[in-house]
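Notes follow the structure.
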2 protein chains.
Amino acid sequence: MDDVSNTKRGRGRPRAFDTQNVLSRAQDAFWNGGYAATSLDNLVIATGLNRPSLYSAFGDKHALYMAAFTKALQDTVATLSDLLSIDEPLQQALMRLFALATDTYRTGETGQRGCFFISTAVVEAVGDAEIRESLRLALDEMDRLFEDRFLRAQRVGELPTEADIPIYAKLTTAMLNGMAVRARAGADAQTLTRMGRGLTTLILDANARQND
Amino acid sequence: MDDVSNTKRGRGRPRAFDTQNVLSRAQDAFWNGGYAATSLDNLVIATGLNRPSLYSAFGDKHALYMAAFTKALQDTVATLSDLLSIDEPLQQALMRLFALATDTYRTGETGQRGCFFISTAVVEAVGDAEIRESLRLALDEMDRLFEDRFLRAQRVGELPTEADIPIYAKLTTAMLNGMAVRARAGADAQTLTRMGRGLTTLILDANARQND
DNA sequence: CATATTTTGTACTGATCCGCATATAATTAG
DNA sequence: CTAATTATATGCGGATCAGTACAAAATATG
């Protein structure tokens, strides 16, 4: 929007950084260490900006985190939307989803860092109403994406009409959360993959009974 | 073990506190705010002990947390063992389990605090190898308890011989983790209960096909 | 070229952090 | 009753925390 690469240049000295890039770096920093344990010195090093630049561009530490959170949610929704829009059987879609999650959750410079929301927002959610609401919103957003996908599968006949789609969506989100927790605890790729396949198989098998 | 109520009194001034009780208070403090954001001043207030007493009894902040973690795991294993040892159908056992989780995760003075391990250990797991290993151990321990229960169900004929018990156990643990995340985000009891019932139904329905 | 405006860089502030030094209190051993 | 031992209480100290003041740098305007 208002980064250096964009045309609309103001009056004074031009910014020497790209806003989205800085937010990505800040996101990485929070993702590794969590919100509370990530100091402004850490953020200064991670982003390459100095403190006053960070403050003038984003506000205080909390505001910077919220900006990183918002970007993380946007990126997640975009990625999942693309992934779920592929025209393929439900089973393949779910397997693809969980495979991507496995890769994402196991990535990280300092170690397997899991999911940004689980690794940073969950702890703060009790003492910070804004983070709590944002976390709730992010989870609901994921539910919604999965609901849409399951509804599509239902329309195609891959799921029966009596299938409880809203619950399936929440189970899918919960499984991702569980996989993120496991990844952060050091689980290997095979374990995560098997978990995803486990839920996938369960959903498909449970609905494969009545084929009249 | 070595608390004031116990007989074996040493030489000097007797302790004015109960070790297990202090650990419970410390556990509550960490549970609410997480490890990093819970200061020693918080812990002093929460436990009622002053700093030197805390340090001489448990060591530094990290050691105190690890002691609280260990106690939390012991308590969890004890509770789950009791709950899963009840002689009842698998469906009832799972529903009882998830009902207990719903209640536990929604309890808390300052708000719905979820699961101790998810709320405190997950964030620290990347930067702290000891916490990471303990978290892995705790998750594995829960898996083991659920595996035992599913194996018992299999022996009784509630699950077929080809059922993938180890995965069912991990899915159960993951669902508890997902519920804990949701609870911390402010989810109501109905949502959590439905999630638990969702997985329970899925496991039972997926295995109810081949009744020859 | 001079001035206004915005960003950057350095350094600082008061608060809070964790851990400990020191002194007092309470108990046992002799 | 005296000495040894352990726990409690107060308060300190260096490090780190989040946030900001102030000056230098870089651009646009006139």
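Values quoted throughout were computed directly from the atomic coordinates according to the rules given, and no laboratory measurement underlies them. Here the structure is a predicted model, which means the values were calculated and not measured. Note that each Cβ is placed from the backbone with ideal geometry, even for glycine, and that neighbours are counted across all protein chains shown.
Just a few scattered comments:
- Non-local lysine pairs in the protein assembly as shown, meaning eight or more places apart or on different chains, with alpha-carbon distances under 28 Å, amount to 10.
- Trypsin sites (Lys or Arg not before Pro) restricted to segment B:146-212 and DSSP loop, no more than 16 other C-beta within 10 Å: B:ARG209
- Part-to-part distance (alpha-carbon centres) for segment B:129-170 and segment B:7-70, which is given in Å: 32 Å
- Taking 20 Å as the cut-off, the amide N atoms of segment A:45-68 that come nearer than this to a point 7 Å along the Cα-to-beta-carbon line of A:LEU137 belong to A:58-68.
- Residue-averaged [θ]222 nm for the protein assembly as shown, counting only DSSP H segments that reach four residues, each worth -39500 (n - 2.57): -22000 deg cm²/dmol
- Take each residue in B:125-133, count the other chain C-beta atoms within 10 Å of its C-beta, and the mean is 5.
- The fewest-to-most ranking of B:ILE45, A:ILE165 by surrounding Cβ atoms within 10 Å reads B:ILE45, A:ILE165.
- The three principal axes of the C-alpha atoms in the protein assembly as shown carry coordinate ranges of 78, 68, 33 Å, sorted with the longest axis first.
- Positive-end ranking of B:THR193, B:ILE131, B:ALA101 along the dipole of segment B:68-206, with charges on Cβ about the Cα centre, is headed by B:THR193.
- Residues B:ILE167, A:ILE86, A:ILE131, A:ILE118, sorted so that the one with the fewest Cβ neighbours within 10 Å comes first: A:ILE86, B:ILE167, A:ILE131, A:ILE118
- Using a 7 Å Cα-to-Cβ projection, B:ARG11 label spacings across copies, nm, ascending: 7.8
- In chain B, the sites counted are GluC sites (Glu not before Pro) in DSSP loop states with at most 16 other Cβ atoms within 10 Å, and the longest stretch holding none of them, exclusive of the sites, is B:1-108.
- Between B:ASP188 and B:ALA163, the distance separating the two model label sites (each 7 Å from Cα on the Cα→Cβ line) works out to 3.3 nm.
- Relative to the other identical copies, A:ARG155 shows label-point distances of 5.0 nm, where the label point lies 7 Å from Cα along the Cβ direction and values run shortest first.
- Using only the C-alpha atoms, the convex hull of segment A:69-206 corresponds to 106 Å³ per residue.
- For the pair B:ARG152 and B:THR70, the difference between a 0.36 nm per residue extended length and the Cα-Cα distance amounts to 26.8 nm.
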